[in-house]
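Some notes on the structure that comes next.
Values in this text are rule-based calculations from the coordinates and carry no lab data. From a predicted model like this one, the values you see are computed outputs, not experimental measurements. Note that we place each Cβ from the backbone using ideal geometry, even for glycine, and neighbour counts take in every protein chain shown.
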Amino acid sequence: MPYEFDLEARVIRQWIVPQQQERFLACIRSPKSRPKFLAALAHGVFRTELLEPCPTESQLAARVRPFADCYLLSTDPALDGRRLPTAEALAAGLRGWADQNTLLVFGAAAVLYVETEGRNARWVSRADGAAW
């Protein structure tokens, strides 16, 4: 599957903690290392000052409605590297979330949705600074 390396690199530079960025940039280009990067997405690698707790799924859907599609990064090979229409991406990304470790990327990494390990661990980016 052709991955969107430029978009993935933008996600890493914009949303991942600086101390992990170079490592992850190398991982996304290596088929052998890519699974390590994808697995790490559930383990506190995001810049938390740029995220806020995610509200309900319906509020998330309203927030991402302006985007026609979504790019997925996932430990699920059926989802990883796919670009899906927004509604389809939300349905695919939110089902069985904890087992899939899937990151939803909207636009040119303008809005990000991720679920990390732990209680109340659904997060959405604050790229536009808007509050729910």
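Highest mobility in the GNM of the chain, judged by mean-square fluctuation with C-alpha springs under 10 Å and restricted to Ala42, Ala109, Ala68, is found for Ala68. Amide H contacts of Glu4: none lie under 5 Å away among residues 5 or more positions distant or on a separate chain (H built 1.01 Å from N in the peptide plane; Pro and chain starts excluded).
Can you sort Asp80, Asp69 from fewest to most other Cβ atoms within 10 Å of each residue's own Cβ?
Values: Asp80 19, Asp69 15.
The order, fewest Cβ neighbours first, is Asp69, Asp80.
Relative to the dominant Cα principal axis of the chain, helix 18-27 is inclined by about 60°. For the chain, a Gaussian network of Cα nodes joined below 10 Å ranks Phe37, Phe67, Phe24 by mean-square fluctuation, and the top entry is Phe67. Remark on Cys70: its backbone amide H falls under 5 Å from those of Leu84, Thr86, a criterion applied only to residues 5 or more positions apart or on other chains, H modelled at 1.01 Å from N. In this rough spin-label picture, where each label sits 7 Å from Cα along the Cβ direction, the Glu88-Val17 distance is 3.6 nm. Ranking of Tyr113, Tyr71, Tyr3 by neighbouring Cβ atoms within 10 Å, starting from the fewest: Tyr3, Tyr71, Tyr113.
Counting neighbouring beta carbons within 10 Å and listing from fewest to most, the residues Val64, Val11 come out as Val64, Val11. Here the translational diffusion coefficient of the chain follows from Stokes-Einstein with Rh set to the Kirkwood radius across Cα pairs; for 4 °C and 1.567 mPa s it amounts to 89 µm²/s. Comparing mean-square fluctuations of Leu51, Leu112, Leu60 from a GNM of the chain with C-alpha springs under 10 Å, the top value falls on Leu60.
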